Amino acid sequence: AAPPAGARRLNIGVVGFGKFGQFIARAFARRGAAVRGTGRTDETAAARAMGARFYPMYEQDEFFRGLDVVVFAVSILSFEEVLRNIPAEYLRGKLVVDVLSVKVHAKKTMLDALPGDADILCTHPMFGPESGRAGWQSLPFVYDKVRVGDHERASDFLAIWEQERCKMVEMSCELHDEYAANTQFITHLMGRILGEQRLAQTPIDTRGFQSALRLMETTCSDSFDLFYGLYKFNAHSHETLRGLRESFAQVERQLAAKEAYMAAKADMASE
Ligand code: TYR
């Protein structure tokens with residue numbers, strides 16, 4: 001009988017070993033994968049603490065040797081440059097995965113830059129170290145098998161997210177970006193706008209205001225580079241921004257119209 005998915009011990013390399021890279025690497029290690037990390041800053045201690053191994057950038061040769069899966073956990077803004085700076089031979093035959101918050105850009109860049117015999121899996125875990133702190137159960141994991149030859153290897157990798165009980169959502173990169181512009185980007189946009197207002201707690205906060213504060217805090221604590229990436233590298237975000245501005249004006253017009261109506265009514269009553 002075939003071994004159950006996830007039974008093979010995957011060798012997974014995480015390129016970009018920052019907060020998010022380490023966050024997912026920890027789960028890979030917990031689920032029995034042999035994990036390596038690499039990145040600009042030395043994270044040897046963090047890697048060791050999770051039973052992984054850190055390779056400095058100048059040891060690329062050793063880092064890539066024997067990997068089954070390479071996961072890119074770098075910023076949206078640096079993704080293309082990082083990808084193009086890795087010699088194609090290192091990625092040949094491997095499963096290459098990205099976790100960017102924008103998907104069409106990731107897909108196009110990988111199709112363009114990767115050697116033809118590399119498998120491509122585009123993913124977006126819809127959570128991070130904060131929202132996924134208490135576990136990943138029921139949190140959406142979006143994926144698109146853009147180019148998969150070795151199905152067993154891809155299933156073994158996806159099994160990790162399944163075992164963490166993510167809500168697995170197979171969806172095209174195109175549809176993801178359409179949805180995300182009106183869900184994730186608009187959320188960050190509203191949070192940033194509220195952040196500009198410098199909202200703060202008072203003794204009389206309503207539940208609604210408490211949730212506005214939470215929105216502000218969670219979105220403003222992500223980097224501005226992430227926010228900019230959501231805008232710049234999702235073709236639908238410009239439309240979301242324009243639509244929001246239009247809605248702001250529309251609501252102001254509704255208030256003005258009501259005010260005019262009330263004034264006219266008061267006029268009539270006094271005649
Ligand atoms: N950073 C936030 C968290 O930790 C939310 C987030 C989720 C940010 C998905 C980006 C992203 O693509 O929960």
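The values are calculated or read from the model by the stated rules, or taken from the named source; none is laboratory data. The structure displayed is predicted, hence computed values, not measured ones. Note that we place each Cβ from the backbone using ideal geometry, even for glycine, and neighbour counts take in every protein chain shown. What goes into the accessible areas is simple: the full protein's heavy atoms, side chains included, and nothing from ligands, DNA or RNA. Shrake-Rupley method; radii C 1.70, N 1.55, O 1.52, S 1.80 Å.
Taking the condition within 15 Å of the ligand (Cβ to nearest atom) and surrounded by 13 or more Cβ atoms within 10 Å (Cβ to Cβ), does PHE157 pass? Spell out the reasoning first.
Details: within 15 Å of the ligand (Cβ to nearest atom): no; surrounded by 13 or more Cβ atoms within 10 Å (Cβ to Cβ): yes.
Against the criterion (within 15 Å of the ligand (Cβ to nearest atom) and surrounded by 13 or more Cβ atoms within 10 Å (Cβ to Cβ)), PHE157 does not qualify.
Picking from GLU259, GLU178, GLU217, which residue would you name as being assigned to a helix (DSSP H, G or I) and away from the ligand (no atom under 16 Å from the Cβ)?
GLU259
Within the stretch 74-88, identify whether any single residue is β-branched (Val, Ile, Thr), in the same structural domain as ILE24 (by TED's automatic domain parsing) and part of a helix (DSSP H, G or I), and answer yes or no. Explain how you work it out, then say what you get.
Our first condition is that a residue be β-branched (Val, Ile, Thr); within the stretch 74-88, this holds for 74, 76, 82, 86.
Add one more test, that the residue is in the same structural domain as ILE24 (by TED's automatic domain parsing), and what stays is 74, 76, 82, 86.
Those still in the list that are part of a helix (DSSP H, G or I) too: 82.
Taking every residue of the stretch 74-88 in turn, at least one turns out to be β-branched (Val, Ile, Thr), in the same structural domain as ILE24 (by TED's automatic domain parsing) and part of a helix (DSSP H, G or I).
Can you name every residue in the stretch 186-228 that is of a type in the set (A, V, I, L, M, F, W, C), within 19 Å of ILE76 (Cα to Cα) and open to solvent by 80 Å² or more (accessible area, probe 1.4 Å)? It would help to see each step written out before you state the result.
As a first pass, look at the stretch 186-228 and keep what is of a type in the set (A, V, I, L, M, F, W, C): 186, 189-190, 193-194, 199-200, 204, 209, 212-213, 215-216, 220, 224, 226-227.
Okay, now just the ones that are also within 19 Å of ILE76 (Cα to Cα), so 186, 189, 220, 224, 226-227.
Of everything in the stretch 186-228, just one residue is of a type in the set (A, V, I, L, M, F, W, C), within 19 Å of ILE76 (Cα to Cα) and open to solvent by 80 Å² or more (accessible area, probe 1.4 Å), namely PHE224.
Starting from residues that are touching a Cys at 6+ places or on another chain (Cβ under 8 Å) and closer than 22 Å to LYS103 by Cα, keep the ones in the stretch 121-137 and report whichever is farthest from the ligand (Cβ to nearest atom). Lay out the reasoning, then the answer.
In the first step, residues of the stretch 121-137 are kept if they are touching a Cys at 6+ places or on another chain (Cβ under 8 Å); the result is 122, 125, 136-137.
Filter once more, so that each one left must be closer than 22 Å to LYS103 by Cα: 122, 125, 136.
On the way: CYS122: 13, PRO125: 7, TRP136: 11 Å.
It comes out as CYS122.
In the stretch 41-61, what residues are under 24 Å from the mean Cα position of the chain (by Cα) and in a helix (DSSP H, G or I)?
Answer for the stretch 41-61, where residues must be under 24 Å from the mean Cα position of the chain (by Cα) and in a helix (DSSP H, G or I): ALA46, ALA47, MET57.
So, PHE72, is that one aromatic (Phe, Trp, Tyr), touching a residue at least 40 places away in the same chain (Cβ under 8 Å), within 16 Å of the ligand (Cβ to nearest atom) and open to solvent by less than 70 Å² (accessible area, probe 1.4 Å) or not?
Details: aromatic (Phe, Trp, Tyr): yes; touching a residue at least 40 places away in the same chain (Cβ under 8 Å): yes; within 16 Å of the ligand (Cβ to nearest atom): yes; open to solvent by less than 70 Å² (accessible area, probe 1.4 Å): yes.
Criteria met by PHE72.
In the stretch 140-154, what residues are within 12 Å of the chain's Cα centre (by Cα) and surrounded by fewer than 20 Cβ atoms within 10 Å (Cβ to Cβ)? Steps first, please.
Initially, the stretch 140-154 is screened for residues within 12 Å of the chain's Cα centre (by Cα), giving 140-143.
Scanning the stretch 140-154 gives a single hit, PRO140.
Applying the selection to the stretch 96-108, what residues are more than 14 Å from the ligand (Cβ to nearest atom) and open to solvent by less than 10 Å² (accessible area, probe 1.4 Å)?
VAL96, VAL97
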